[in-house]
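The values are calculated or read from the model by the stated rules, or taken from the named source; none is laboratory data. Fair warning: this is a prediction, and the values are worked out from it, not measured in the lab. Reconstructed Cβ throughout: ideal geometry from the backbone, glycine too, with neighbour counts over all protein chains shown.
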Amino acid sequence: MAETLLDIAMMHSDHLIARAREGDKNAQSRLVQLWYKRIYNFGYKFFFDHDLAMEVAQKTFISMHKNVESLQEVARFKSWLYTIAVNYCREEVRKKKTRRSVSLHDLGPGEGEESYRWEESHQRHENPERQLRQAELSDLLQECLMQLSEEQREVVIMKEYEGLKFREIAETLNISENTVKSRMYYGLEGLRKILEQKKITKETIGYEL
Amino acid sequence: MSYKPDDGTLMAYLYGELNDNEKEMLEKYFAQHPKEREKLKLLGDVRNIMSHAQDKEVIAPPVFAGTDNSRSLWQSGYFKISLGIAASILFLLMAGKILGPEISYSKGELRISFANKPAQKEKENLLNEEKIKELIASSLASNNETQKSIREGDQKKLMQTWVDMNSKKIDMLTQSASQASQKQVQSFVAGLQEQNLKLMKDYFQMNATEQKKYMENLLVDFSQYLQEQRKQDLQLVQSKMNYFEKNNSQFRQETEQILTSLISNPVKNKNNY
């Protein structure tokens, strides 16, 4: 993943976190600006639902505002923030289970829908269409991700998309590093089988994009 | 020595989080077990495919935070409280000034007054302590006397009325008791019996006359009913008789006609047979 200015700013935000800890509201709002996209995308990949991702992101940053002053170490800010986000994700999962509702995203493709539009398209080098195919591919991969268990999914997202180290994930989830690696291994194995079932390979993706 | 990496080591290798020693050992292991390397490569391919799931663009909501954290002296709680106390004291002083209070302490008495005192002073000059005592004593004595006389009069009146009432009641009771003799009782009982007899007699008389009337009416109605019935029967008999007579005459006429026809056409009748 190419590093953007935002990523660079996030990596060098120690001074900002220190100021936020001292109660500087400006620094706190800057931190929201820096981390909002990451936390939203973590929630989105976890739920594959915009509304729930927004809910989790907002709750996470409200909690950050309230509790950042009690943060022990500046270096642990990242795992601390993801811990809050994970807890809210789990809370939403519990709520979802008690509501017993079925999201449209949870429904798999029906009969005759095995072949996706991104596979059928053969026109290339047209930017809007390429963007559309990319969005459809993202959704398809997201659906694969949704088939993993919640425990494996949160580890895979944190490692693969959020770029956390195994140690940081272990800190975030309050489990051992070996458990994290084990979940990651089985998560990737699971994804391999799902992709195989859906006949998504490196070659098909390379051809389509 | 047989070395076999666990899942954790493989993952650490895949994500480049393995130290040099472990990495070297794993490389050797892969050189001996190319299938294991292939398996890990497949997981690497999965990573490669999954990396195509892109982030969604989202705009962080605006956060409104105050720029200055320090609060001014005017906004502090202590300042507000002290200002309130000062305002209250000032109000009391102003009120005191307007009402003209006088505070004095003499003989263990604290006096706070809001009016001028000269008139009171004049009065104090006119009435001294002895005079006031005398006045109080005389007024008390006269009051006691009048109270005593009123009380005595009331008591007398009450006694008189009570005695009168009692004597009257006793008289009435004795009179009624003496008058209630045996004869009176007997006469009362006899009167009661007579009354009862009379009532019974009247009742039976009324009853007998009513029954008589009823029977008479019944007989009259019955005789009327019989007469009516008889009249109807007679009418019925009459009509029946008329009917028979009519039938009889008709029959006779018919037979006559037949006979005449038979007599007048003997041949024709013979042919018919």
Next item on the list: Would you point out which residue out of A:LYS66, A:LYS59, A:LYS45 is assigned to a helix (DSSP H, G or I), among the charged types (D, E, K, R) and closer than 16 Å to A:ILE157 by Cβ?
Entry: A:LYS45
Checklist line | Residues being within 30 Å of A:LEU141 (Cα to Cα), within 14 Å of another protein chain (Cβ to nearest Cβ) and in a helix (DSSP H, G or I) - total across segment B:15-50 | finding: 14
Next item on the list: Please determine, by comparing only the residues of segment B:58-72 that are more than 17 Å from A:GLN28 (Cβ to Cβ) and at pLDDT 65 or above, which one is nearest to the other protein chains (Cβ to nearest Cβ).
Entry: B:VAL58
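Does A:SER70 qualify as being more than 15 Å from B:ASP55 (Cβ to Cβ), away from chain B (no Cβ under 14 Å), crowded, with 18+ Cβ neighbours inside 10 Å and among the small types (Gly, Ala, Ser)?
Numbers: more than 15 Å from B:ASP55 (Cβ to Cβ): yes; away from chain B (no Cβ under 14 Å): yes; crowded, with 18+ Cβ neighbours inside 10 Å: no; among the small types (Gly, Ala, Ser): yes.
Against the criterion (more than 15 Å from B:ASP55 (Cβ to Cβ), away from chain B (no Cβ under 14 Å), crowded, with 18+ Cβ neighbours inside 10 Å and among the small types (Gly, Ala, Ser)), A:SER70 does not qualify.
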Item checked: Hits in segment A:156-188 - residues which are more than 10 Å from every other protein chain (Cβ to nearest Cβ) and hydrophobic (A, V, I, L, M, F, W, C) -> A:MET158, A:LEU164, A:ILE169, A:ALA170, A:LEU173, A:ILE175
